[in-house]
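K.L.:
There's a structure below that I have some questions on.
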Amino acid sequence: MSVHRFGSVEVPVLGEWDTVVVGGGTAGASAAISAAREKNRVLVVEKASSLGGTPTHALVTPMMDSRVPHGHNLREIERRLNDLGVTIREDGDLMGYIWFTPETFAEVCEDMLLEAGGQVLYDATLVAADVCEERIQAIEVMTVEGPRALLATQFVDATGDAVLSRVAGVPCVAGDDDGNNQMCSLRFEMGGIDVEKYRQYCLSLGDEFSPLKEGYFWESAMVAGKGFKLEPLFRKGVEEGALKEDDLVYYQCFSLPGEPGCMAFNCPHLPALKSNTSALARSEALSEGRRRVRRLVTFLTRHMPGFEGAFLIREAGMLGVRESWRIQGSYVLDVDDYVRRARFNDAVARGTWYIDVHSATKGLVHMEKYKPGEYYEIPYRCLTNGAVRNMLTVGRCISTSFLVQASVRIQQTAVDMGDSAGRACARALAAGVELADFDGLGLL
């Protein structure tokens with residue numbers, strides 16, 4: 001077996017590819033699928049045991065509203081979900097959401113990648129990058145076999161936390177002006193819910209949060225101090241000691257298609273985790289999140305109509321991280337671009353979600369929502385940087401301001417961004433140019 005030298009250490013080489021994508025989440029899987037479809041030899045390095053990233057492992061369902069034309073991969077994901085019997089849009093567009101379950105999303109991503117000719121290396125964690133003359137020559141990953149070197153012409157950082165970008169020397173920033181990150185969540189799922197009874201109870205209170213007044217799907221929410229009709233019931237839980245005040249920071253749940261009586265919960269929020277760039281702090285937050293989940297489950301089964309026979313199905317296997325590091329790339333997408341509905345000749349995706357900040361210090365911060373059909377564009381230059389010429393960064397850690405990242409981060413946008421990035425990899429390789437020198441034209 002050949003070896004690659006990282007400093008003074010020789011590491012066995014596992015293989016060589018055209019394109020190595022680190023991270024198999026929404027953006028990474030999509031990038032790998034597109035690059036493989038255009039005949040690049042592609043490997044995805046994924047630290048978990050399945051593709052899908054946050055939707056699969058953090059249980060983030062459904063995909064949020066995005067009412068603009070989308071790329072091939074997102075349309076194909078929808079088609080395949082339908083083929084699996086998943087009702088993704090009942091009675092119209094369901095507010096533009098795409099409903100799915102974590103397992104079906106992971107299955108579709110893996111099938112699409114393997115059918116395109118791509119490979120996956122599961123249970124592998126990035127350790128280091130060998131950078132020479134502004135190019136990544138190889139990366140080192142830890143596998144069940146021990147440390148292994150992966151060689152490639154191109155690399156894509158789809159880690160969400162800009163891990164490959166950071167170890168390769170790309171300048172990055174994190175958080176808002178005070179260094180505080182958006183709040184993380186630890187999602188969970190419950191079964192045995194009488195969803196219709198729960199819906200009717202909410203409606204009886206005059207709760208108009210959800211427009212889904214009838215049919216299979218239901219969504220519900222409560223944010224303390226914002227006038228939500230469910231807050232008095234949650235306050236009762238605090239008074240009785242079943243809940244703590246911080247448990248009321250954010251509560252939200254959604255139906256799961258094809259799983260009657262089951263709902264996904266976009267909570268609890270973890271307001272104490274103001275800087276999620278700390279490994280120890282994230283670990284502490286996971287423990288605290290599990291305690292909060294248990295309190296919420298106990299409260300709901302004791303107090304919420306429709307939950308009398310409900311039970312916990314599972315907790316997420318990873319934190320729901322909305323924002324951490326962002327690269328400082330060739331272009332920084334800013335609030336001015338959001339406000340003016342910016343257009344770029346090197347666009348890779350259309351953004352439509354509002355600036356949706358779950359602030360650890362200021363609560364929910366929302367900025368101007370778009371009307372259906374309005375959008376801004378994300379330029380290819382937000383994926384490139386001035387330090388490493390043969391790498392793209394995709395997903396929530398691209399080059400944006402803190403506020404605009406709160407719009408860019410949704411799944412439909414990430415899938416489209418990855419789709420364009422994968423095609424850019426194939427076209428740059430075919431043209432014999434580095435990713436940083438590729439013009440990014442004609443990707444959208």
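The values are calculated or read from the model by the stated rules, or taken from the named source; none is laboratory data. Nothing here was measured: the structure is a model prediction, and the numbers come from that model. Glycine also receives a Cβ, built like all others from the backbone with ideal geometry; neighbour counts cover every protein chain displayed. We work out accessible area using only protein heavy atoms, side chains counted, and drop any ligands, DNA or RNA first. Shrake-Rupley method; radii C 1.70, N 1.55, O 1.52, S 1.80 Å.
K.L.:
Name every residue in region 423-437 that is open to solvent by 30 Å² or more (accessible area, probe 1.4 Å) and either under 12 Å from residue 348 (Cβ atoms) or touching a Leu at 6+ places or on another chain (Cβ under 7 Å) (or both), in order of residue number.
P.N.:
423
K.L.:
If the requirement is being touching a Cys at 6+ places or on another chain (Cβ under 6 Å) and open to solvent by less than 10 Å² (accessible area, probe 1.4 Å), which of these qualifies: 210, 220?
P.N.:
Result: 220 is the single residue among 210, 220 that is touching a Cys at 6+ places or on another chain (Cβ under 6 Å) and open to solvent by less than 10 Å² (accessible area, probe 1.4 Å).
K.L.:
Further, regarding this structure: Checking the condition in contact with a strand residue (DSSP E or B) (Cβ under 6 Å, 6 or more places away or on another chain), farther than 27 Å from residue 105 by Cβ and of a type in the set (A, V, I, L, M, F, W, C), which residue from 256, 230, 280 passes?
P.N.:
One residue alone meets the criteria, 230.
K.L.:
Criterion first (among the aromatic types (Phe, Trp, Tyr), in contact with a helix residue (DSSP H, G or I) (Cβ under 6 Å, 6 or more places away or on another chain), open to solvent by 50 Å² or more (accessible area, probe 1.4 Å) and closer than 22 Å to residue 415 by Cβ) does residue 376 satisfy it?
P.N.:
no
K.L.:
I'd like to verify a number: residues in region 312-334 that are in contact with a helix residue (DSSP H, G or I) (Cβ under 7 Å, 6 or more places away or on another chain), surrounded by fewer than 23 Cβ atoms within 10 Å (Cβ to Cβ) and more than 24 Å from residue 269 (Cβ to Cβ), how many?
P.N.:
3
K.L.:
Out of region 62-74, which residues are within 15 Å of residue 37 (Cα to Cα) and open to solvent by 30 Å² or more (accessible area, probe 1.4 Å)?
P.N.:
So the first thing to find is which residues in region 62-74 are within 15 Å of residue 37 (Cα to Cα), and the list is 71-74.
Residue satisfying the conditions is 72 alone.
K.L.:
For region 250-318, list the strands (runs of 3 or more DSSP E) that sit wholly inside it and hold at least 1 residues that are of a type in the set (Ser, Thr, Tyr); which are they?
P.N.:
251-255
K.L.:
Now, a different point. With respect to residue 233, is the statement that it is in contact with a Gly (Cβ under 6 Å, 6 or more places away or on another chain) and either touching a residue at least 24 places away in the same chain (Cβ under 8 Å) or buried (at least 20 other Cβ atoms within 10 Å of the Cβ) (or both) true?
P.N.:
No, not satisfied.
K.L.:
Check 306, 258 and return the single one that is in contact (Cβ under 8 Å) with a residue 40 or more places away in the chain, among the small types (Gly, Ala, Ser) and open to solvent by less than 20 Å² (accessible area, probe 1.4 Å).
P.N.:
Answer to the check: 306.
K.L.:
Also, I was wondering about something else. Taking the residues in region 395-422 that are surrounded by fewer than 24 Cβ atoms within 10 Å (Cβ to Cβ) and not polar (S, T, N, Q) as candidates, determine which candidate is farthest from residue 366 (Cα to Cα).
P.N.:
Result: 410.
K.L.:
Would you mind finding the one in 81, 43, 74, 59 that is free of Cβ contacts under 8 Å to residues at least 40 places away in the same chain and not charged (D, E, K, R)? Outline the logic, then answer.
P.N.:
Working: 43 fails: free of Cβ contacts under 8 Å to residues at least 40 places away in the same chain; 74 fails: free of Cβ contacts under 8 Å to residues at least 40 places away in the same chain; 59 fails: free of Cβ contacts under 8 Å to residues at least 40 places away in the same chain.
After applying the criteria, what remains is 81.
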